[in-house]
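Below you'll find the structure, written out as C-alpha cells, and then a few comments.
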C-alpha cells in the first residue's frame, strides 16, 4: 500500500472517531436537580423537583413527547398528580411540581421519588441514555414545631427575667431616692406611750444595726474616701440655725423649768451620741 493511501485511511478513521465522540457528548444528560437524590428536610409547600439538562428541551415536539415521561411516587407506591413546566428562557430547565389543584397535600416526614422514564428527548431528538430516579424526604413538622416552641419559651423566659431585674433595679433606685423622714423622738414617744429616753435608746440601737449591716455590705468594695461628717451645718451655711432641743409635747411641759431641764437632757444625749461616735471611729481605726 502506498504511503499516501495509508495516510488518507488513517485520517478518515480519526475523523470518524472524533465524530463518534462528539455525537456522544451531544447526548441528553441530567446535569443537576433540586432537591438532590437522598436529600432530607425538604419543603412540604410546593412539593416538586427542579431539573437541569445539558441540552434545550422546550420545543413543541419535545414537550409533547416529554410531558408524560415524568412522575412522582409517594412512599406507598401511589402516583402524585403533577404538572410538568418547561422553561422558555432557560432551555435546559424543567420543573416537575405536585398539582395542589387536584387536592394533593404533602405528608409530614414522608419519602417521595421522582422518576424520569427512557425516551426523554431534547430539541434535536437526542434521547436520555437511561432512566433516572431522585428520592427525597420532606421535613419533620412535629420536630420543627417542638424546636420552635422551645425557642419561644426560652425567649419569653429571658424577657421575663430581664423585665423582673429591671423592675427590681427601678424599685431599689426609687427607694434610694425617696427622702427619709427625720426621726422625732417625741412623736414616737407619744405614739408608742414610751418615754423619750426609751425611744431614743431604741432608735440608737436600730441605727447601730443599720450601720453594721451597711459596713458588712461594703466591706469587699473599693470605695472612694468620703469626706468627714459635718457636725454643725449652721457654721457653714447661711440662714441655717441650730435647734438645741425639740419643742415640748404638751402645754404643761412648756414652762421655763421644763424647757431648761429638757435642754440639759438634750445636751447630755447629744454629748453621749458624740462620745459613742468617737468610740466607734476609734474602734474602726484599731481594726
Selection count where residues are over 16 Å from residue 128 (Cα atoms) and surrounded by fewer than 17 Cβ atoms within 10 Å (Cβ to Cβ), scope region 56-73: 2
Selection status of residue 245, closer than 26 Å to residue 280 by Cβ, in a loop (DSSP other than H, G, I, E, B), in the same structural domain as residue 280 (by TED's automatic domain parsing) and modelled with pLDDT under 65: yes
Count of region 53-81 residues which are touching a residue at least 60 places away in the same chain (Cβ under 8 Å) and not in a loop (DSSP other than H, G, I, E, B): 3
Residue match in region 83-91 (condition: in contact with a helix residue (DSSP H, G or I) (Cβ under 6 Å, 6 or more places away or on another chain) and surrounded by 14 or more Cβ atoms within 10 Å (Cβ to Cβ)): yes
Odd one out for residue 194, checked against (1) within 57 Å of the chain's Cα centre (by Cα); (2) surrounded by 10 or more Cβ atoms within 10 Å (Cβ to Cβ); (3) modelled with pLDDT of 70 or more; (4) part of a loop (DSSP other than H, G, I, E, B): (1)
Every residue from region 119-157 that is surrounded by 11 or more Cβ atoms within 10 Å (Cβ to Cβ), closer than 23 Å to residue 75 by Cβ and modelled with pLDDT of 80 or more: 131, 132, 134, 135, 136, 137, 138, 139, 140
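How many residues, within region 116-147, are more than 20 Å from residue 55 (Cβ to Cβ) and assigned to a strand (DSSP E or B)? Step through it out loud before you land on a result.
Taking region 116-147 first, the residues more than 20 Å from residue 55 (Cβ to Cβ) are 133, 135-147.
Imposing the further condition that a residue be assigned to a strand (DSSP E or B) reduces the set to 133, 135-138.
The qualifying residues number 5.
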Residue in region 89-103 that is assigned to a loop (DSSP other than H, G, I, E, B), in contact (Cβ under 8 Å) with a residue 24 or more places away in the chain, in contact with a strand residue (DSSP E or B) (Cβ under 7 Å, 6 or more places away or on another chain) and under 22 Å from residue 41 (Cα atoms) present: no
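The values are calculated or read from the model by the stated rules, or taken from the named source; none is laboratory data. Quantities reported herein were computed from a predicted structural model and do not represent experimental measurements. Virtual Cβ from ideal backbone geometry, glycine too; neighbours counted across all protein chains shown.
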